[in-house]
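The values are calculated or read from the model by the stated rules, or taken from the named source; none is laboratory data. Nothing here was measured: the structure is a model prediction, and the numbers come from that model. A quick note on method: Cβ atoms are made from the backbone with ideal geometry, for glycine too, and the neighbour counts reach across all protein chains shown.
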Amino acid sequence: MKYTYRLVDHFNPLSPPLTTSQMKLVWQARYDLASNPEYLPIVLQSVNWQDSNVAQEAYDLLSIWSPLSPLQSLELLGRRYGDYRVRQYAVRRLEEFTDSELGEFVS
């Protein structure tokens, strides 16, 4: 578990894609990571979107995950997160912020 926390703590949007073994470790720790909003992007990168059961579990995680900041929500609109429902989630999160709150991140 220590390695998993080190992995997610050092993750950034410009990091290379996760290896298969890293994806497995992160996915196994998904519920332990759910209280920290900044870990959602890396958990979503660990999802095997080809497996409908795993994809559904990822969608369920979106409803229990700690809310993202506007900047974190914008990250989910990037090319690494092509799933339609993940993008919908990001847009919904962005809609909850006022124009001035969003302006802090855009300007």
> Any residue at all in region 11-22 that is buried (at least 18 other Cβ atoms within 10 Å of the Cβ) and in a helix (DSSP H, G or I)?
Replying inline: yes
>> With the requirement that a residue be surrounded by 15 or more Cβ atoms within 10 Å (Cβ to Cβ), of a type in the set (D, E, K, R) and either closer than 16 Å to residue 58 by Cβ or more than 10 Å from the chain's Cα centre (by Cα) (or both), what does region 29-48 give you?
In response: 30
> Which condition number does residue 26 fail, the rest of (1) surrounded by fewer than 15 Cβ atoms within 10 Å (Cβ to Cβ); (2) of a type in the set (Val, Ile, Thr); (3) over 30 Å from residue 103 (Cβ atoms) being met?
Replying inline: (1)
> Filtering region 35-52 down to residues that are among the aliphatic types (A, V, I, L, M) and part of a helix (DSSP H, G or I), which residue is farthest from residue 75 (Cα to Cα)?
Replying inline: 43
>> Residues to consider are 42, 64; find the one that is of a type outside the set (Asp, Glu), in contact with a Phe, Trp or Tyr (Cβ under 6 Å, 6 or more places away or on another chain) and modelled with pLDDT of 90 or more.
In response: 42
> Can you name the number of the only condition in (1) in contact with a Phe, Trp or Tyr (Cβ under 9 Å, 6 or more places away or on another chain); (2) under 16 Å from residue 93 (Cβ atoms); (3) assigned to a helix (DSSP H, G or I) that residue 32 fails?
Replying inline: (2)
> Has region 53-74 got any residue that is buried (at least 16 other Cβ atoms within 10 Å of the Cβ), part of a helix (DSSP H, G or I), under 14 Å from the mean Cα position of the chain (by Cα) and touching a residue at least 40 places away in the same chain (Cβ under 8 Å)?
Replying inline: no
